[in-house]
Amino acid sequence: MYRAHTVSVGILVPVGVAYDYAADPAHLPEWAPGFVHSIERSGDHWVGQTTLGEVKLRFASANLHGVLDHQIELGSSVVNNAMRVIPNGQGCEVLFTAIQRPGISDDQFRIDLEIVRADLNKLRTLLERRHSTENSQ
């Protein structure tokens, strides 16, 4: 087994609002700029320009359980990422579990976790601003 760490960020919007936004891969460059610069649909998958170069991405089908798992293919390497949106009072928690794969140093894993945390914080900021603006109109 490899080392794993889950990053969690509380967001003060209903769970459905967060899920609907985060489940749309087209939104990734807006809230995950630490990883995805641009993305477009290509048949049954998405192609993203990322910090790793061009990757294929596949996402969990829409579901009622808040599952946002996704698979990243870079050449012959495949990484499965577990991500969830779960209810928390009047808001929700967004969780991303990172696994330290072979060949990833402790320093690189720490940097990866910082990027995930920054991207989830960006997601929180975007969603809370949008939700606040929509509710004030």
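The values are calculated or read from the model by the stated rules, or taken from the named source; none is laboratory data. Keep in mind that this is a model prediction, so the values were computed, not measured. Cβ coordinates were reconstructed from backbone atoms using ideal geometry, including for glycine residues, and neighbour counts include every protein chain displayed. Heads up: the accessible areas ignore ligands, DNA and RNA and are worked out on the full protein's heavy atoms, side chains in. Shrake-Rupley method; radii C 1.70, N 1.55, O 1.52, S 1.80 Å.
Quick notes
- The three principal axes of the C-alpha atoms in the chain carry coordinate ranges of 48, 34, 25 Å, sorted with the longest axis first.
- Whole-Hz Karplus values for the stretch 20-36 come out as 4, 6, 5, 6, 8, x, 4, 7, 3, x, 6, 10, 10, x, x, 10, 9 Hz, taken residue by residue from phi with 6.51 cos²θ - 1.76 cosθ + 1.60 and θ = phi - 60°; glycine and proline positions read x.
- Using the average count of surrounding beta-carbon atoms within 10 Å as a protection proxy, the listed peptides 83-92, 17-26 rank, highest first, as 17-26, 83-92.
- At a probe radius of 1.4 angstrom, the accessible area of the stretch 78-137 per residue rounds to 62 square angstrom.
- With every protein chain in place, the chain: carbon and sulfur % of accessible area (1.4 Å): 52
- Degrees between helix 106-136 axis and first principal axis of the chain (Cα, 0 to 90, nearest 10): 20
- Pair D24, R110: separation of 7 Å Cα→Cβ label points (nm): 3.8
- Secondary-structure-derived ellipticity at 222 nm for the chain, considering helices only, amounts to -10000 deg cm²/dmol, per-run term -39500 (n - 2.57) for DSSP H runs with n ≥ 4.
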